[in-house]
1. Can you give the helix-only mean residue ellipticity at 222 nm for the chain, where every DSSP H stretch with n ≥ 4 adds -39500 (n - 2.57) and the sum goes over all residues, rounded to the nearest 500 deg cm²/dmol?
2. Leaving ligands, DNA and RNA out of it, work out the accessible area of Arg110 with a 1.4 Å probe and give it in Å² to the nearest 10.
3. Can you work out the FRET efficiency for the pair Arg18 and Ser201, with r the C-beta to C-beta distance and R0 = 25 Å, to the nearest 0.05?
4. Calculate, for the chain, the solvent-accessible area per residue in square angstrom, rolling a 1.4 angstrom probe over the heavy atoms of the protein chains.
5. Could you pull the accessible area for His193 with a 1.4 Å probe, rounded to 10 Å²?
6. Given a cut-off of under 8 Å on Cα pairs at least six residues apart, what relative contact order in percent is computed for the range 1-155?
7. Want the number for Glu257 to Leu230: 0.36 nm per residue separation, take away the alpha-carbon distance, what's left?
8. Just to confirm the number: angle between the C-alpha axis of helix 35-44 and the first principal axis of the chain, 0 to 90 degrees, nearest 10?
Amino acid sequence: MKIMTVDNEKLALEGMTRTILKVLPEAETVSFRDPQEALEYGKKEPVDIAFLDINMQPVNGVELAKQLRSVNQNVNIIFTTGYSEYTGEAMKMHASGYIMKPVTMEKVKREIEDLRYPLSPEKKPKLHAQTFGNFEVFVNEEPVHFAYTKTKELLAYLIDRKGSLCTNGEIMAILWEDDANERHTSYLKNLRHDLANTLESLGCPEALVRRRGMIGIVTSEIDCDYYDFLAGKPGAEMSYGGEYMSQYSWAEYTNGELERLL
């Protein structure tokens, strides 16, 4: 959600912005003291809600609202003012709300709960795992890159385990096979941090579950051709061509199970 705040007075603008963020801490806010700068920004970037002081110069809030509406007809306009005589003019704009100063949390909450144009739910980034053929993972159709090559294999194994929590010992035996030893303990710690940090940076932290000495994934947070196949989704069988995570030798067992299910 992107919120614009506009007020000629610096202290009033800062106070209004702080109050809004207390009510909507996840919102992205952009603040302007110059109405013309606010308009130029509104022409380039979509804004969900605009809190506009009415008594501004050289362009008052009502005129700014009209111009913002001309480029974004679904922007929610909430006027703020210390002068009640502007009420009639503001209401002709079919504004989403009207706040008499001071701007308080209670007033902001009341107006946010009754917006004229409902906010579209923000699409949360979701992991997409391709397991048939070589294993690849994407977010918003962009390939995910990790600091360590083995991090990708760690994620592949967790997906293969379908949400089961895997112990550090189990993971080391898979990733390093017969070469697993104590020196890999610190390496695995780095892989776990890399995986967690990467998913968080991509907006997908909920896809990972970490416990002391254990780690797993949340299957509902991942779109996966393997999961679709197991669920019997239409077309899922057609996407399987006899190969499953083919770059990893440990995936051969699951590939055999898939062949038997056909």
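1. Counting only the DSSP helices, I get -12000 deg cm²/dmol.
2. Answer for Arg110: close to 130 Å² accessible.
3. FRET efficiency, Arg18 to Ser201: 0.40.
4. Value for the chain: 55 Å² per residue.
5. 90 Å²
6. Relative CO of the range 1-155 lands at 18 percent.
7. Between Glu257 and Leu230, full extension yields an extra 8.7 nm.
8. With both axes taken from Cα atoms, the answer is about 30 degrees.
The values are calculated or read from the model by the stated rules, or taken from the named source; none is laboratory data. These figures come from a predicted structure and were not determined experimentally. Virtual Cβ from ideal backbone geometry, glycine too; neighbours counted across all protein chains shown. To get the accessible areas, we keep the full protein, side chains included, count just its heavy atoms, and leave off ligands, DNA and RNA. Shrake-Rupley method; radii C 1.70, N 1.55, O 1.52, S 1.80 Å.
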